[in-house]
Amino acid sequence: MPIFSSQQKFLLKLSAVSCSIALITGCANNQRDTFTFTADLPPNFAYQAVAVYVPAKSETCTVPGGRNTEVGYNMKWRESYTPNSEIPMYRRVSGCPLVIWKIDLEINSSYGKQRGDFSGDFATVVIRDEVESKYRSTFDETGESVFYGQCQWLFRTSGKPRILRKILDCKSTDANGELDRGHPFSAYTLSQLPGKTVKMKITLAEVERPAIGDTWVKVPDGWKRCMGDNFEDQYAFCFGNHKDFSSFKMVDGRVCTIYPGCTE
């Protein structure tokens, strides 16, 4: 067993006390000044979040140009993604005390291997000093609040080769999956959030549908693309012609006549 001098023992005790104080203070600050945002998403989905801050109540200061009043999370979601984001409730920028105002969310997913083969839709978390009870989300006994949504892939063709593209459409739902109006959304008061967890839970609809009406015809094995006036017709509405169809190209280069199976 090592032998310490009286001075060494004093320094060790001082260090231990300092660490304990730091831990306690850190926990207190965490409980007081931050909350966690997280998401339960379908496979190959990710979210981006931008926390937006404004001058705190009764403050008359401003931030020049509004610079540095937003903080991003998972902005490079393709390279690095984490579902949990610890979000400060208060910041000070250019000497101005700021408070969180909202979180702008983007729900993203890729449908191909190229960088442009992705789509996203938005969701919002609103934070105010006061929120009407009918709009205010609540927390359970564990300190977690969940809001829900469902995303659906919409497909269309683009360009002269009629390349298949997908659009992600996300709507709000209740806890049972019943579709609601608008995009996924929740609202909280500032006093609700310290030390709590806000979770966005998104499901993916099993069925895809055309992004534009009267451009595809449903057949037993999927969907067939209407020809329109000719292959160069970028709109190519069916207009009742359910006999003349065109091929289209998948993002992986396959030339297909039916979606999603490609070949009939």
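The values are calculated or read from the model by the stated rules, or taken from the named source; none is laboratory data. What you see is a predicted model, and the numbers here were worked out from it, not measured in a lab. Backbone-built Cβ (ideal geometry, glycine too); neighbour counts: all protein chains shown.
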Of the residues Ser186, Ser109, Ser145, Ser133, which single one is among the polar types (S, T, N, Q) and modelled with pLDDT under 95?
Ser133
Looking at Gly222, Gly195, Gly240, which one is more than 23 Å from Tyr47 (Cα to Cα), surrounded by fewer than 16 Cβ atoms within 10 Å (Cβ to Cβ) and at pLDDT 95 or above?
Gly240
Conditions (1) part of a strand (DSSP E or B); (2) within 22 Å of Ala187 (Cα to Cα); (3) not aliphatic (A, V, I, L, M): number failed by Ser119
(2)
For Thr189, the lone unmet condition from (1) of a type in the set (Ser, Thr, Tyr); (2) free of Cβ contacts under 8 Å to residues at least 40 places away in the same chain; (3) surrounded by fewer than 18 Cβ atoms within 10 Å (Cβ to Cβ) is (2)
Any residue that is of a type in the set (A, V, I, L, M) and over 30 Å from Gly228 (Cα atoms) - is there at least one of those in segment 150-170?
no
Modelled with pLDDT of 95 or more and over 33 Å from the mean Cα position of the chain (by Cα): is that true of Asn230 in this structure?
no
Which pairs do you get when a residue that is without any contact (Cβ under 8 Å) to a residue 60 or more places away in the chain and within 12 Å of Trp77 (Cβ to Cβ), found in segment 105-121, comes within reach of a residue that is outside any loop (DSSP other than H, G, I, E, B) and of a type in the set (Lys, Arg), reach meaning Cβ atoms under 9 angstrom, with the pair 6+ apart or on two chains?
Phe118/Lys166
Scope segment 122-146; condition among the small types (Gly, Ala, Ser) and either without any contact (Cβ under 8 Å) to a residue 40 or more places away in the chain or not in a loop (DSSP other than H, G, I, E, B) (or both); matching residues:
Ala123, Ser133, Ser145
